[in-house]
Amino acid sequence: METPNLSYIHNLSGGDKEFEKNLLDIIKVEFPKEKNIYYTALEEKKNIKAAEIVHKIKHKISILGLEKSYTLAETYEHELRDDKTRLEPDFIAVLKIMTDFLDNI
């Protein structure tokens with residue numbers, strides 16, 4: 001599994017540490033909420049709602065430099081729209097990696 005990193009954020013910021021902090025703060029606030037909405041949608045078997053949240057989360061996946069995980073999320077989003085959940089365990093693993101990373105930066 002890939003390891004999240006801050007390379008994209010560093011490149012985007014041009015060295016502006018305040019910008020980096022603000023972007024990470026936004027992610028740290030939004031991501032847990034989106035993750036909870038995703039899990040609720042799964043529990044309620046609302047795959048379209050889950051797909052909408054995966055769509056939002058996949059942008060954070062990209063920002064954290066997880067290129068393969070972004071591709072996985074994109075495929076999973078489309079599968080959810082077709083009422084398939086084959087990639088659910090893989091996506092949940094990505095969520096855990098992101099959570100651990102964000103909790104430790």
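The values are calculated or read from the model by the stated rules, or taken from the named source; none is laboratory data. Since the model is a prediction, treat every value here as computed from it, not as a measurement. Cβ: placed from backbone, ideal geometry, glycine included. Neighbour counts: every protein chain shown. Keep in mind that these areas ignore ligands, DNA and RNA; they rest on the heavy atoms of the full protein, side chains included. Shrake-Rupley method; radii C 1.70, N 1.55, O 1.52, S 1.80 Å.
Worth a mention:
- Once C-alpha pairs closer than 8 Å and six or more residues apart are averaged by separation and normalised to the residue number of the chain, the relative contact order reads 31 percent.
- Protection proxy ranking for 52-61, 25-34, using the average of other Cβ atoms within 10 Å per residue and placing the highest first: 52-61, 25-34.
- Tilt relative to the chain, helix 47-63 - C-alpha long axis, 0 to 90 degrees, to 10: 20
- The calculated 222 nm mean residue ellipticity attributable to helices in the chain amounts to -26000 deg cm²/dmol, summing -39500 (n - 2.57) over DSSP H runs of n ≥ 4 and dividing by all residues.
- Label selected from (1) 0.92; (2) 0.99; (3) 0.95, the criterion being Rg/Rh (Cα atoms, Kirkwood Rh) as computed here: (2)
- Protein accessible area in the chain, 1.4 Å probe - carbon and sulfur %: 53
- Cross-link partners of LYS46 among lysines (Cα-Cα below 20 Å; sequence separation of 8 or more within a chain): LYS33, LYS35, LYS56, LYS58, LYS84
- Simple point charges give the picture: +1 on the Cβ of Lys and Arg, -1 on the Cβ of Asp and Glu, and for the chain a dipole about the Cα centre of about 140 debye.
- Dipole axis of the chain (+1 Lys, Arg; -1 Asp, Glu on Cβ), positive-most option in MET98, TYR38, PRO4: TYR38
- Shape call, segment 27-71: gyration tensor on alpha carbons, a/c limit 1.5: oblate
- Around PHE31: net Lys/Arg minus Asp/Glu count, Cβ-Cβ under 10 Å: +3
- Dipole magnitude for segment 22-68: about 80 debye, using +1 per Lys or Arg Cβ and -1 per Asp or Glu Cβ, origin at the Cα centre.
- Net charge contributed by nearby residues that have their C-beta within less than 13 Å of THR71 (K/R +1, D/E -1): -4
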